[in-house]
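J.: Got a structure for you, questions after.
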Amino acid sequence: MTAKIRVTVRVPAKVNVQLGVGGLRADGFHDLANVFFAVALGDEVTATPGTPGRGVTLGCTGPDAHQVPLDDSNLAARAARLLAAHHGIEPDVHLEIAKAIPVAGGMAGGSADGAAALVACDALWGLDTPLPVLLELAAELGSDVPFALLGGVALGRGRGELLEELPVTGTFHWVFAVADGGLSTPAVFRECDRLREAAGTGAGVDRVPTPDPSAALLAALAAGDPVALAESLTNDLQAAALSLRPALADCLEAGLAAGALAALVSGSGPTCAFLAKDAAGAESVAEALTASGTCRAAHATHGPVPGARVTG
């Protein structure tokens with residue numbers, strides 16, 4: 001592969017059509033049955049050569065750009081440094097993020113940018129890193145990063161990083177309602193554990209069984225049946241997200257009243273996801289949610305779509 005002078009990568013957001021959360025492990029994580037679904041709402045990351053010796057520099061545009069850290073904590077910057085270290089080169093690159101995925105919204109926007117940076121820097125530097133190696137590096141960055149590389153629909157096991165691609169037929173139509181402010185994923189998991197303890201069920205692996213994927217959900221995806229999928233959507237973190245942000249219940253109710261087939265909190269929230277029967281139905285739900293005052297914005301989109309891909 002020949003090195004380039006500018007590479008742009010588009011990367012999708014995700015919604016968890018099933019998020020089964022097991023008990024709290026000794027290492028502080030939870031075993032998951034996490035069915036990821038990539039949607040067309042996405043970010044773009046553009047990589048250009050940086051100043052020699054300066055390392056990674058960052059810029060960001062978009063409605064939530066002011067919430068994106070432009071320091072070493074940014075997953076895109078960490079991804080560039082990790083890839084460079086793997087190949088023994090200097091990570092001199094500028095990454096410009098065009099942000100459309102809600103920040104701290106439960107749609108893996110930071111993880112998506114990390115995946116996009118891996119792909120963009122790999123092309124910019126002419127490295128031609130094999131996909132299995134990129135997936136290993138992605139898993140070092142975070143549990144959701146490997147899926148952002150693959151896209152489509154996949155079952156995530158372990159912390160979500162052990163992926164198995166799943167069969168899916170046709171296109172499903174979604175609406176995502178963006179809330180003001182974000183929710184911390186670790187805080188939502190802690191609240192999930194607290195609620196389980198308060199309910200007397202316990203929160204540890206000795207009390208909470210390891211979750212399995214829903215057979216009905218997998219069948220609905222394979223059949224391309226939105227009605228059956230709507231009946232199978234689950235999120236074990238939803239109660240915790242609603243506990244921390246009770247107003248999300250009003251948004252979920254507004255979407256259902258507008259005709260959505262199903263509503264759920266996306267991942268750890270606070271973005272709410274609504275499954276529609278078709279594209280027209282999604283547009284109608286988005287318009288109603290925007291007018292309802294229960295969210296900051298609502299976006300109709302579709303999926304599944306591929307993972308991080310070079311577009312320019």
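We did not get these values from a lab; they are worked out from the coordinates using the rules stated. In this text, all values refer to a predicted model and were calculated from it rather than measured experimentally. Note that we place each Cβ from the backbone using ideal geometry, even for glycine, and neighbour counts take in every protein chain shown.
J.: Given R₀ = 30 Å, what would the calculated FRET efficiency be for S184 paired with V227, taking r from the Cβ atoms and rounding to 0.05?
T.: FRET efficiency, S184 to V227: 0.30.
J.: Also: Identify which of G267, G20, G170 has the largest mean-square fluctuation in a Gaussian network model of the chain, with springs joining Cα atoms closer than 10 Å.
T.: Its mean-square fluctuation being the largest, the pick is G170.
J.: Let me ask something else about it. Given a Förster distance of 51 Å, report the FRET efficiency between A219 and R296 from their Cβ-Cβ distance, rounded to the nearest 0.05.
T.: On the way: r = 35 Å, r/R0 = 0.69.
Efficiency at R0 = 51 Å is approximately 0.90.
J.: Give the whole-number value, in cubic angstrom per residue, of the convex hull volume spanned by the C-alpha atoms of the stretch 7-167.
T.: 113
J.: If each DSSP helix of 4+ residues adds -39,500 (n - 2.57) and the sum is divided by the residues in the chain, what number results at 222 nm, nearest 500 deg cm²/dmol?
T.: -10500 deg cm²/dmol
J.: Something else: May I ask for the Rg/Rh ratio of the stretch 1-57, computed from Cα atoms with Rh as the Kirkwood radius, given to two decimals?
T.: Reported Rg/Rh (Cα atoms, Kirkwood Rh): 1.21.
J.: 7 Å from Cα along Cα→Cβ at both T171 and R194: what's the point-to-point distance in nm?
T.: Inter-label distance under the simple model: 4.3 nm.
J.: Right, here's the next one. Once the convex hull of the C-alpha atoms of the chain is built, how many Å³ does it hold per residue, rounded to a whole number?
T.: 125
J.: Mind sorting R296, R10 by how few other Cβ atoms lie within 10 Å of their own Cβ, fewest first? Can you show the working numbers first?
T.: Working: R296 15, R10 22.
So the residues, fewest neighbours to most, are R296, R10.
J.: Pick out which of Q238, Q67, Q18 has the largest mean-square fluctuation in a Gaussian network model of the chain, springs linking Cα atoms closer than 10 Å.
T.: Q67
J.: Can you put H94, H299 in order, fewest other beta carbons within 10 Å first?
T.: Ordered by Cβ neighbours within 10 Å, fewest first: H94, H299.
J.: Then there is this: Which net charge results when you count Lys and Arg as +1 and Asp and Glu as -1 among the other residues whose beta-carbon is under 14 Å from that of P304?
T.: +1
J.: What dipole magnitude, in Debye to the nearest 20, does the stretch 7-167 give about its Cα centre under +1 on Lys/Arg Cβ and -1 on Asp/Glu Cβ?
T.: Using Cβ point charges on Lys, Arg, Asp and Glu, the stretch 7-167 gives about 240 debye.
J.: Which of K14, K99, K4 has the fewest other C-beta atoms within 10 Å, and how do the rest follow up to the most?
T.: K4, K99, K14
J.: What is the Cα centroid distance between the stretch 173-196 and the stretch 91-136, reported in whole angstrom?
T.: 23
J.: Same structure, new question: Taking Cα centroids, how far is the stretch 242-268 from the stretch 38-55 in Å?
T.: If we compute the Cα centre of each part, the gap is 33 Å.
J.: How far apart, in nanometres, would the label points at K4 and S243 be if each is projected 7 angstrom from Cα along the Cα-to-Cβ direction?
T.: 4.6
J.: Considering only D250, D236, D31, give the residue with the highest GNM mean-square fluctuation for the chain, with springs between Cα atoms whenever their separation is below 10 Å.
T.: Among D250, D236, D31, the largest mean-square fluctuation in the Gaussian network model of the chain belongs to D250.
J.: Given Cβ point charges of +1 (Lys, Arg) and -1 (Asp, Glu) and nothing else, what value in debye, to the nearest 20, does the dipole of the chain about its Cα centre take?
T.: On the way: 19 positive and 33 negative charges, 48 e Å.
The dipole magnitude comes to about 220 debye.
J.: Rank G202, T234, L264 by how far each Cα sits towards the positive end of the charge dipole of the chain (+1 on Lys, Arg Cβ; -1 on Asp, Glu Cβ) and give me just the farthest.
T.: L264
J.: In addition: What number comes out for the charge environment of A117, summing +1 per Lys or Arg and -1 per Asp or Glu over other residues with Cβ under 15 Å away?
T.: -3
J.: While we're here: Find the relative contact order for the stretch 117-214 and round it to a whole percent, using C-alpha pairs within less than 8 Å whose residues are 6+ positions apart.
T.: Taking the mean separation of contacting Cα pairs over the length of the stretch 117-214, I get 12 percent.
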